[in-house]
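One structure below.
Quick note: the coordinates plus some simple rules give every number you see, no bench work behind them. All figures in this text were calculated on a predicted structure; none of them were measured in a lab. Neighbour counts run over all protein chains shown; Cβ positions are idealised from the backbone, glycine included.
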Amino acid sequence: MTYSEQRVTNDARLAERAKRASRDTVQKSLIDCHVHLAALPDGDNGCYISPKLLRSPLFRFLLWKHDLSPTEPREANQRYLDHLLTELRASQHVSQVVLLGMDGFYDQTGLLNRQHTDFLVSNDYVFKTVQTHPDVFLAGPSINPQREDAIDEVHRCADAGAVLIKVLPNAQHFNPAGQKYKSFYRALAQRKLPFLSHVGYEFSLIGKDQSLGDPDRLRLALDEGVTVIAAHACSYGLMLHEKFLPTFQELARRYSHFYADISALTQPHRLKMLLHLRHCPELHSRLLFGTDYPLSVFHMAAWGRVGLGTLWNMIRTRNRFDRQVEVCNGLGLGFRSLGDILQLSQHPRATRDES
Ligand SMILES: [Zn+2]
């Protein structure tokens, strides 16, 4: 059952849907599986930002929007978290978020190369932050499989309570289809850690190989038994033809453990995929809720496609988590919560010795 039912016309089903929606509202049952943990380097948090990225328009906008000063990193990092906590606690639908780390670029010998790394949010910082509010934060550390200690890091993160591993191949410069990463995927499968991979064009970071964002490259991980979550529902992100939709359909048909998150789908450059997906009900059970916080959530996808009252509700809802729920619900896009596929309570995290 998806969180939001498909749009229906008969009254009984509408009433049932409203009942379910209000029950879910009371339960605040959703996990947002795609929230970025942003942090400026403060000397000992292991984070890094290149001067080039610090000067980029998107980064400057985010600093301005959250009233963060790069000259006071400790205060800025705390304020970012305070804003996130305030918005999350005020949400009517979302109870927990997965905080994503961001690993760097590693050379052929498996060592970190800072010159090619734009942004690094360390796994230690992810876990430290989660520990401050374990009731609402879940850990989504990032491991570039190219790093020399990648498999050890999988086990370390699993032991520390990670709920998934995030990667961004375009910026981290690795080919997810590379055979040499097979043992990395086997470790993920063994520890039952989902692999959340960015898909499509990436323009928020600088200097990358866009072809690495092709979801077809995720087959190797799927063949090794890893639960794979493709970010942004496999949208390409350039407002053009959504060339990865057939790949999404094919992977969903072939692999029962293939999912995609709906993060950023309400953004102007990705909403074409949102509009396609509302007409693909067979894929809704594979969609997981996400926002791509701190990015904005727009309601323009709904213009002319929902009643005025519904649109007014979306406009009035300033909470980004709730607006993402309302726009997707209003457009009839079904989705689920990460909690549905984790089932942590029934299936405790596999231990290292388990085969
Ligand atoms: Zn993201």
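Just a few scattered comments:
- Between 0 and 90 degrees, the angle of helix 73-90 with respect to the longest Cα principal axis of the chain falls at about 30 degrees.
- Computed log₁₀ I(q)/I(0) - Debye formula, equal Cα scatterers, no solvent, region 134-272, q 0.15, 0.20, 0.21 Å⁻¹: -0.71, -1.23, -1.32
- Of Lys28/Lys243; Lys28/Lys272; Lys180/Lys272; Lys128/Lys192; Lys65/Lys128, pairs whose Cα-Cα distance is over 31 Å: Lys28/Lys243; Lys180/Lys272
- Förster-model FRET efficiency, 22 Å R0, Asp135 and Glu75, C-beta, rounded to 0.05: 0.35
- Helix 245-254 axis, angle to the chain major axis (alpha carbon atoms, nearest 10°): 80
- Region 192-332: Rg to Rh, with Rh as the Kirkwood radius over Cα pairs: 0.97
- About its Cα centre, the dipole of region 29-345 is roughly 760 debye, where the only charges are +1 on Lys and Arg Cβ and -1 on Asp and Glu Cβ.
- Largest mean-square fluctuation among Leu311, Leu62, Leu288, in a Gaussian network model of the chain whose springs join Cα atoms under 10 Å apart, belongs to Leu62.
- Straight-distance candidates among the aspartates and glutamates for linking to Lys52, with alpha-carbon spacing under 19 Å and chain neighbours fewer than 8 residues away dropped: Asp42, Glu72, Asp103, Asp118, Glu202, Asp209.
- Highest-fluctuation residue, Leu188, Leu287, Leu53 considered, GNM on the chain with Cα pairs under 10 Å: Leu53
- Each eigenvalue of the Cα gyration tensor of region 42-88, multiplied by 5 and square-rooted, gives one semi-axis; in descending order these are 18, 15, 9 Å.
- Per-residue Cβ neighbour rank within 10 angstrom, fewest leading, Arg156, Arg217, Arg253, Arg320: Arg253, Arg156, Arg217, Arg320
- Taking the Cα atoms of the chain, the ratio Rg/Rh between the radius of gyration and the Kirkwood radius comes to 0.95.
- For the chain, built as a Gaussian network whose Cα springs stay under 10 Å, the top-fluctuating residue of Thr109, Thr266, Thr291: Thr109
- Relative contact order %, region 220-266, counting alpha carbon pairs below 8 Å whose residues are six or more apart: 50
- Along principal axes, Cα extents of region 233-303, largest first, whole Å: 33, 23, 18
- Cα-based helix-to-principal-axis angle, 123-132 vs the chain, degrees rounded to 10: 50
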